[in-house]
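The values are calculated or read from the model by the stated rules, or taken from the named source; none is laboratory data. Just so you know, these numbers come straight off a predicted model, no measurement behind them. We place every Cβ from the backbone using ideal geometry, glycine too, and count neighbours over all the protein chains shown.
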Amino acid sequence: MAYKTTIEQTVFRFDDLKTLLAKATPERSGDQLAGIAAEGPVERLAAQMALANLPLKAFLDEELISSDDDEVSRLIAARHDPAAFSAVSSLTVGEFREWLLRPETTHDRLKAVTWGLTPEMVAAVSKIMRLQDMIAVSAKRRVVTRFRNTIGLAGRLSTRNQPNHPTDDSRGIIASAIDGLLMGSGDAVIGVNPATDATDDYIRIVSLLDELREKLQIPTQTCCLGHVTTAIQAIERGAPVDLVFQSVAGSEKANRGFGVDLALLKEAHEAGRSLGRGMPGANVMYFETGQGAALSADAHFGVDQQTMEARAYAVAREFDPLLVNTVVGFIGPEYLFNGKQIIRAGIEDHFCGKLLGLPMGVDVCYTNHADADQEDMDTLLTLLCAANVNFVITVPGADDIMLNYQSLSHHDAVYCRETLKRPPAPEFEKWLNEIGLTDRDGALIGEPAALSNYVRSSNLIGA
Amino acid sequence: MAKVIEPSSTEERLDLRQMTDARVSLGRHGAGLPTRAQLSFLLDHARAREAVWTSVDRTALTDRLNRLGLSAVEVDSMASDRSIYVRRPDLGRLLEAASADRLKQAGAGKGYDVAIVVADGLSSSAVDLNAVPLIEAFVPKLSTLNLSAAPIVLANQARVALGDPVGEVLGAKLTIVLVGERPGLSAADSLGAYITYGPKQGNPDSGRNCVSNIREGGLPIREAAEIISKLIGDMMKTRVSGVALKSAVAKLPSSQV
């Protein structure tokens with residue numbers, strides 16, 4: 001079906017729904033690379049106007065990627081809940097934006113509509129929303145998850161302590177993890193991106209992190225971000241696996257590029273739950289996503305990268321994750337060219353993830369070939385705190401020496417706690433105080449010997 | 001409160017900085033970095049940006065190669081400037097038409113074994129510092145292997161896969177692309193070497209072997225040259241490169257290994 005808008009006697013025509021969505025997307029290099037972006041600002045506005053007049057129901061009638069070819073499309077169709085959808089089923093995309101913004105659309109109403117919304121609907125409405133619109137709506141929507149602590153409560157900000165090392169050296173990993181703990185970082189997870197995908201290294205890394213958590217009695221969880229198949233093998237060999245990690249994307253073909261499908265993710269989810277290491281009913285999965293992943297695998301089917309990203313959230317929400325984050329600026333300038341594009345994408349991803357019911361975090365980050373710097377990251381972090389983001393990722397001095405990109409620093413998390421008044425998860429906040437890291441107001445005050453001398457007490461690394 | 005939190009100085013305390021190259025134990029003033037650490041980070045970022053956005057000095061490179069008795073020919077990709085190059089990886093893999101003609105004149109039909117391509121990639125500093133010393137170290141090894149080399153190709157706004165059309169036009173059996181890697185904060189001058197047997201437009205990346213992080217403080221030039229010439233030897237024997245190379249080498253009769 002074709003869509004039309006007329007602006008001052010000029011008729012703009014869009015051949016189908018995916019063309020309309022792509023042309024309505026705020027400018028970004030990935031859609032230009034794919035050759036699907038609007039020709040210019042006027043054509044983009046024409047597409048946004050046509051999109052605003054489109055009934056939400058249209059997304060149930062026309063699939064962007066056919067269910068015949070794609071299991072993610074089949075999942076989206078199967079999980080759509082018509083009863084939940086009824087609250088907004090008569091609205092156009094433009095009216096849906098207004099409904100979202102109204103004060104009477106409270107957290108509970110947003111929560112009730114979660115499974116009535118498809119990724120395509122939330123991606124569509126985000127395309128006609130400003131940053132402020134998306135922040136205002138996201139801030140209303142809390143998604144709370146639990147493992148050993150409680151993440152996503154209103155007004156709080158959790159952090160992933162990411163102690164990566166270029167060769168997965170045990171001492172290097174622990175030194176970096178301790179550095180983060182001394183700055184109060186690590187209540188979302190202490191999670192390492194391994195340099196190899198060897199099962200032995202995976203088991204060594206989770207064992208190291210588990211000993212650290214256990215000896216210091218930290219109310220948090222740990223993770224080695226290897227492939228799900230490696231995690232399943234490690235679980236079979238009795239390794240202490242808290243969270244099972246996987247990168248996911250928005251089409252079956254793109255997921256195949258990551259070496260996974262829905263059946264394998266289900267198997268991994270069950271393996272993780274079988275260990276019963278968290279509190280009863282704990283969330284055990286951790287997913288990462290990012291705009292451009294599908295295009296870079298040539299698995300986008302002519303759909304714009306932001307809509308493909310929202311489709312990845314349909315995959316993630318199938319498995320009740322503890323944590324999901326977009327690695328927003330990691331993929332490079334061919335997908336998000338500069339600070340402006342990275343900032344908008346971070347706010348969009350958080351907004352779409354939250355509306356779809358995900359415990360959404362963001363890796364606020366960039367690479368050295370993107371036109372971005374620390375000030376862009378300051379802006380995005382501050383906006384995300386206003387939007388009530390569940391967690392962000394922090395590394396020593398903002399420099400990840402293994403993945404060669406800049407994420408946030410542990411210092412940035414101190415800024416969020418002390419200037420923006422965003423304390424961590426309550427269990428972790430209590431631990432910080434009891435071990436002597438923070439005062440009663442949550443301000444960092446010291447370096448307790450239990451942490452700074454931890455290396456000596458470790459059985460797994462020695463001093 | 002402007003109190004500086006410095007690491008405690010008890011004798012037992014271990015220095016985290018001895019255990020990792022990560023930016024640990026930086027100290028802080030409130031949430032802010034100490035000024036020196038802040039400026040040092042910005043300097044590293046400035047160096048990395050400069051490596052991405054500065055052009056390789058091709059005239060100087062040509063002079064240095066000539067002094068080694070090697071000739072050079074310059075080519076461009078279809079990406080006309082840096083700003084287009086970083087947005088359009090596809091154009092950085094295509095050879096511009098006039099460049100293809102220049103290459104044909106320089107060496108087509110001469111039956112070279114090896115084409116060496118110096119590609120700016122994402123770091124001009126990597127190319128300026130490390131490309132000529134690496135070439136100097138491994139070109140003599142080519143004659144030991146009885147292999148002929150085409151004139152060195154200096155490629156502008158080039159991705160790794162530009163080596164495929166270049167090798168194809170030159171009719172070479174194998175290409176070695178020396179490319180400036182995406183700069184990190186701690187090292188902006190890493191050179192990568194990608195070697196492909198049977199260069200042909202559209203070759204998959206799984207058909208290449210890569211030697212990365214070639215720089216002072218990373219993989220030293222001399223060691224990199226050894227690894228590269230060993231790979232070249234294996235590829236010429238097996239006529240295979242990439243992920244399939246290892247098993248192809250294993251199948252060689254023992255007299256040839």
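Can you name the helices (runs of 4 or more DSSP H) wholly within the stretch A:359-463 that have at least 1 residues being farther than 23 Å from A:V192 by Cα and out of contact with any Cys (no Cβ under 9 Å at 6 or more places or on another chain)?
The qualifying helices (runs of 4 or more DSSP H) are A:374-386, A:410-418, A:426-434, A:449-452.
Let's see how each residue does on (1) under 30 Å from the mean Cα position of the chain (by Cα); (2) of a type in the set (S, T, N, Q); (3) more than 7 Å from chain A (Cβ to nearest Cβ):
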| position | (1), (2), (3) |
| --- | --- |
| B:Q18 | yes, yes, yes |
| B:D21 | yes, no, no |
| B:V52 | yes, no, no |
| B:V56 | yes, no, yes |
| B:A60 | yes, no, yes |
| B:N66 | yes, yes, yes |
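What number of residues within the stretch A:160-196 are within 11 Å of chain B (Cβ to nearest Cβ) and assigned to a loop (DSSP other than H, G, I, E, B)?
9
Consider the stretch B:23-50. How many of its residues are of a type outside the set (A, V, I, L, M), in contact (Cβ under 8 Å) with a residue 12 or more places away in the chain and either more than 9 Å from every other protein chain (Cβ to nearest Cβ) or touching a helix residue (DSSP H, G or I) at 6+ places or on another chain (Cβ under 9 Å) (or both)?
Residues that pass the stated criteria total 11.
Go through (1) part of a loop (DSSP other than H, G, I, E, B); (2) farther than 21 Å from A:H80 by Cβ for A:E270 and report which single condition fails.
Only one criterion is unmet by A:E270, namely (1).
Among the residues of the stretch A:282-294, is there at least one that is part of a helix (DSSP H, G or I) and surrounded by 24 or more Cβ atoms within 10 Å (Cβ to Cβ)?
There is at least one residue in the stretch A:282-294 that is part of a helix (DSSP H, G or I) and surrounded by 24 or more Cβ atoms within 10 Å (Cβ to Cβ).
Can B:D120 be described as within 14 Å of chain A (Cβ to nearest Cβ) and among the acidic types (D, E)?
yes
Sort out which residues of the stretch B:182-212 are among the small types (G, A, S) and part of a strand (DSSP E or B), and write them in order of number.
Scanning the stretch B:182-212 gives B:G192, B:A193, B:S212.
Here is a check on your reading of the model: is B:A131 touching a helix residue (DSSP H, G or I) at 6+ places or on another chain (Cβ under 6 Å), crowded, with 22+ Cβ neighbours inside 10 Å, not in a loop (DSSP other than H, G, I, E, B) and not polar (S, T, N, Q)?
Against the criterion (touching a helix residue (DSSP H, G or I) at 6+ places or on another chain (Cβ under 6 Å), crowded, with 22+ Cβ neighbours inside 10 Å, not in a loop (DSSP other than H, G, I, E, B) and not polar (S, T, N, Q)), B:A131 does not qualify.
For the condition modelled with pLDDT of 95 or more, in contact with a Pro (Cβ under 9 Å, 6 or more places away or on another chain) and not hydrophobic (A, V, I, L, M, F, W, C), what is the one hit in B:R64, B:R23, B:R36? Explain how you work it out, then say what you get.
Values: B:R64 fails: in contact with a Pro (Cβ under 9 Å, 6 or more places away or on another chain); B:R36 fails: in contact with a Pro (Cβ under 9 Å, 6 or more places away or on another chain).
The conditions single out B:R23.
Are there any pairs, at least 6 apart or on different chains, whose C-beta atoms fall under 7 Å, with the first in the stretch A:320-335 and within 11 Å of chain B (Cβ to nearest Cβ) and the second assigned to a strand (DSSP E or B), and if so, which?
A:P333/A:D371
Do we have A:A310 as touching a Cys at 6+ places or on another chain (Cβ under 7 Å) and either within 14 Å of chain B (Cβ to nearest Cβ) or in contact (Cβ under 8 Å) with a residue 60 or more places away in the chain (or both) here?
Considered against the rule, which asks whether it is touching a Cys at 6+ places or on another chain (Cβ under 7 Å) and either within 14 Å of chain B (Cβ to nearest Cβ) or in contact (Cβ under 8 Å) with a residue 60 or more places away in the chain (or both), A:A310 comes out as yes.
Scan the stretch A:366-383 residue by residue and report those that are in contact with an Asp or Glu (Cβ under 8 Å, 6 or more places away or on another chain) and among the hydrophobic types (A, V, I, L, M, F, W, C).
Within the stretch A:366-383, A:M377, A:L381 meet the criteria.
Among A:L437, A:L358, A:L383, A:L420, which is within 14 Å of another protein chain (Cβ to nearest Cβ), of a type in the set (A, V, I, L, M, F, W, C) and under 30 Å from A:M129 (Cβ atoms)? So that I can check it myself, show each step before the final result.
Working: A:L437 fails: under 30 Å from A:M129 (Cβ atoms); A:L358 fails: within 14 Å of another protein chain (Cβ to nearest Cβ); A:L383 fails: within 14 Å of another protein chain (Cβ to nearest Cβ).
That would be A:L420, the only listed residue that is within 14 Å of another protein chain (Cβ to nearest Cβ), of a type in the set (A, V, I, L, M, F, W, C) and under 30 Å from A:M129 (Cβ atoms).
A:Q374: touching a His at 6+ places or on another chain (Cβ under 8 Å), in contact (Cβ under 8 Å) with a residue 40 or more places away in the chain and within 11 Å of another protein chain (Cβ to nearest Cβ), yes or no?
no
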